[in-house]
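S.K.: Got a structure for you, written out below as structure tokens; questions coming shortly.
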Amino acid sequence: MNYQSTRDHAENPSYFNIDAALNLGLAQDGGLYVPSLLPKLDMAQIDPDAGLPIVADTALAPFFVGSSLAAALPEICAAAFDLPMPEVCLGDPANGVSVLEQFHGPTAAFKDFAARFLAGCMRRLRVGQPMATVLVATSGDTGGAVASAFHRLTGFRVVILYPEGRVSARQAHQLCAFGDNILTYKVDGSFDDCQAMVKAAFSDVDLRASMPLLSANSISLGRLLPQMAYMVFAAARHQNTHGKPINLIVPSGNLGHGVGAVLARAIGAPIAEIVLAANANTVLSGYFDSGEYQPHASLATLANAMDVGAPSNFERLRWLYPNGKPPGMQAHSVSDAEIQSEISDTFTRTGYVLCPHTACAARVLKRLRIGGDTRHYVLAGTAHPAKFETVVEPLIGRPIEVPEGLAQLLRQTPQVKPLAANPTALKALLRKLAS
Ligand SMILES: *Cc1c(COP(=O)(O)O)cnc(C)c1O
């Protein structure tokens with residue numbers, strides 16, 4: 001299986017195998033790695049009753065042909081995907097709504113699946129190599145998932161940057177809960193600042209020559225491919241249970257999750273409609289409405305893990321569909337006020353507690369219903385509401401029970417240092433670590 005950069009439009013593009021793509025993270029021309037040709041899944045070989053790890057292995061195997069990881073793929077999948085991911089009915093079954101709960105991992109967000117898969121790949125790829133530094137800018141959830149997946153893994157340290165005061169209190173605590181090989185920094189700035197600092201470090205040739213730097217942001221194929229794999233499973237299981245392809249509403253920020261669904265559909269998983277649900281950041285809905293891609297500075301919202309004004313995976317979407325917006329796909333933007341009313345309304349009607357991100361998906365469904373769309377929809381449930389208790393609890397008027405994994409992290413003493421919001425400060429810090 002060959003991979004290439006989204007920016008390489010040559011007749012004979014440079015090809016990479018997945019091992020190289022995983023090691024490099026971002027392509028040298030600044031593009032993102034994509035498979036040069038998409039394999040076709042034989043859905044007859046996919047048996048959801050065999051469980052998520054087995055299905056993920058079957059779906060991913062063609063993407064690892066020729067990789068040094070091919071033989072270990074079943075083991076990597078067994079470890080990464082060994083988490084419950086139920087599809088639960090939301091309210092009256094006659095309404096045709098369910099939630100794909102993807103938040104039963106150690107940090108209570110869907111990113112646990114992909115972070116664990118990435119760690120499984122990287123630890124095998126880097127056997128016998130010098131200590132690698134995983135550099136992560138996080139708007140809230142990525143940092144925790146990556147920290148949990150790489151915690152105490154020999155040969156790795158993780159440097160997390162998060163915007164101080166712009167993640168929820170429990171997210172912050174979780175980001176700082178690990179210690180050991182996890183170094184967490186609160187940056188006096190926005191998520192965009194954190195991301196710019198990380199990008200500057202990655203493009204500093206001297207720095208990179210002095211220490212191996214790895215990305216764990218959703219530009220890495222090691223995060224994108226597992227998100228495709230669980231969508232294949234979700235679609236196959238839904239097809240078996242309901243006899244119909246799944247329609248998905250995916251809370252979206254950097255678009256890794258959404259592109260995972262698009263890839264799953266493109267290789268043949270039974271997925272009909274894919275709807276992206278964004279918060280008040282309108283870059284995706286703007287593109288789907290007007291055909292113009294106009295990135296903007298990110299806006300802070302109640303669904304903070306999606307506060308993105310320039311989605312890093314957009315380039316992959318455009319590479320897959322160069323002639324404009326993909327068929328069977330739409331994007332909507334949801335305001336903070338709508339998030340709040342959706343959380344309280346859904347709780348009143350059904351007793352189900354949504355996190356602010358999943359609430360965006362629920363609100364978008366309401367809009368589709370008003371527009372006359374009566375199909376069954378599955379909302380991707382991206383985080384456990386207990387991570388956003390200060391937003392959710394006042395709206396539902398009662399405390400949310402904290403899942404055990406999260407509770408365990410919240411019992412740890414936070415360990416965090418401040419970092420100035422400029423690339424020089426981060427580079428100085430990294431040089432010190434390298435020496
Ligand atoms: C990261 C995240 C999202 C957005 O996922 P993308 O892949 O960035 O589009 C949505 N909800 C939650 C809870 C997240 O952590």
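S.K.: Can you tell me which of ALA71, ALA94, ALA78 is away from the ligand (no atom under 16 Å from the Cβ), outside any loop (DSSP other than H, G, I, E, B) and modelled with pLDDT under 95?
M.R.: ALA94
S.K.: Would you tally the residues in the stretch 394-408 being surrounded by 16 or more Cβ atoms within 10 Å (Cβ to Cβ) and without any contact (Cβ under 8 Å) to a residue 40 or more places away in the chain?
M.R.: Of the residues in that region, 1 qualify.
S.K.: Being open to solvent by less than 10 Å² (accessible area, probe 1.4 Å), in a helix (DSSP H, G or I) and more than 16 Å from the ligand (Cβ to nearest atom) is the filter here; which residues of the stretch 228-269 pass it?
M.R.: Those that are open to solvent by less than 10 Å² (accessible area, probe 1.4 Å), in a helix (DSSP H, G or I) and more than 16 Å from the ligand (Cβ to nearest atom): VAL232, ALA235, ALA236, HIS238.
S.K.: Right, next: Taking the stretch 69-87, which residues are free of Cβ contacts under 8 Å to residues at least 24 places away in the same chain and open to solvent by less than 60 Å² (accessible area, probe 1.4 Å)?
M.R.: ALA70, LEU73, PRO86
S.K.: Moving on. Please give the number of the condition ILE219 fails out of (1) open to solvent by less than 10 Å² (accessible area, probe 1.4 Å); (2) among the β-branched types (Val, Ile, Thr); (3) within 16 Å of the ligand (Cβ to nearest atom).
M.R.: Going through (1) open to solvent by less than 10 Å² (accessible area, probe 1.4 Å); (2) among the β-branched types (Val, Ile, Thr); (3) within 16 Å of the ligand (Cβ to nearest atom) one by one, ILE219 breaks only (1).
S.K.: Output the number of residues of the stretch 68-108 satisfying the condition of being farther than 20 Å from VAL232 by Cβ, under 15 Å from the mean Cα position of the chain (by Cα) and aliphatic (A, V, I, L, M).
M.R.: Qualifying residue count, the stretch 68-108: 1.
S.K.: For ALA428, only one of the following conditions fails: (1) in a helix (DSSP H, G or I); (2) small (Gly, Ala, Ser); (3) surrounded by 14 or more Cβ atoms within 10 Å (Cβ to Cβ). What is its number?
M.R.: Unmet condition: (3).
S.K.: If GLY105 satisfies all but one of (1) within 25 Å of PHE314 (Cβ to Cβ); (2) part of a loop (DSSP other than H, G, I, E, B); (3) open to solvent by less than 60 Å² (accessible area, probe 1.4 Å); (4) touching a Gly at 6+ places or on another chain (Cβ under 9 Å), what's the number of the condition it fails?
M.R.: (1) is the only condition that GLY105 fails.
S.K.: Name the one entry in SER312, SER333 that is touching a residue at least 24 places away in the same chain (Cβ under 8 Å), within 27 Å of PRO245 (Cα to Cα) and either within 14 Å of the ligand (Cβ to nearest atom) or not acidic (Asp, Glu) (or both).
M.R.: Being touching a residue at least 24 places away in the same chain (Cβ under 8 Å), within 27 Å of PRO245 (Cα to Cα) and either within 14 Å of the ligand (Cβ to nearest atom) or not acidic (Asp, Glu) (or both) holds for just one of SER312, SER333, which is SER333.
S.K.: Consider TYR377 against the criteria (1) open to solvent by 50 Å² or more (accessible area, probe 1.4 Å); (2) at pLDDT 95 or above: it satisfies all of them except one. Which criterion is unmet?
M.R.: In the conditions (1) open to solvent by 50 Å² or more (accessible area, probe 1.4 Å); (2) at pLDDT 95 or above, TYR377 misses (1) alone.
S.K.: Another one. Quick check on the stretch 122-135. Is at least one of its residues in contact (Cβ under 8 Å) with a residue 24 or more places away in the chain and under 21 Å from PHE233 (Cα atoms)?
M.R.: Scanning the stretch 122-135, I find no residue that is in contact (Cβ under 8 Å) with a residue 24 or more places away in the chain and under 21 Å from PHE233 (Cα atoms), so the answer is no.
S.K.: Condition first: in contact with a strand residue (DSSP E or B) (Cβ under 8 Å, 6 or more places away or on another chain), surrounded by 22 or more Cβ atoms within 10 Å (Cβ to Cβ) and not aromatic (Phe, Trp, Tyr). Now tell me which residues in the stretch 173-185 satisfy that.
M.R.: LEU175, CYS176, ILE182, THR184
S.K.: Of all residues in the stretch 3-30, which are open to solvent by less than 70 Å² (accessible area, probe 1.4 Å), more than 23 Å from THR133 (Cβ to Cβ) and of a type outside the set (D, E, K, R)?
M.R.: TYR3, GLN4, SER5, THR6, ALA10, PRO13, SER14, ASN17
The values are calculated or read from the model by the stated rules, or taken from the named source; none is laboratory data. Worth saying up front: this structure is predicted, and the values here are computed from it rather than measured. Ideal geometry is used to build each Cβ from the backbone, glycine not excepted, and the neighbour counts take in all protein chains shown. These area figures cover heavy atoms from the full protein model, side chains too; ligands, DNA and RNA do not enter into them. Shrake-Rupley method; radii C 1.70, N 1.55, O 1.52, S 1.80 Å.
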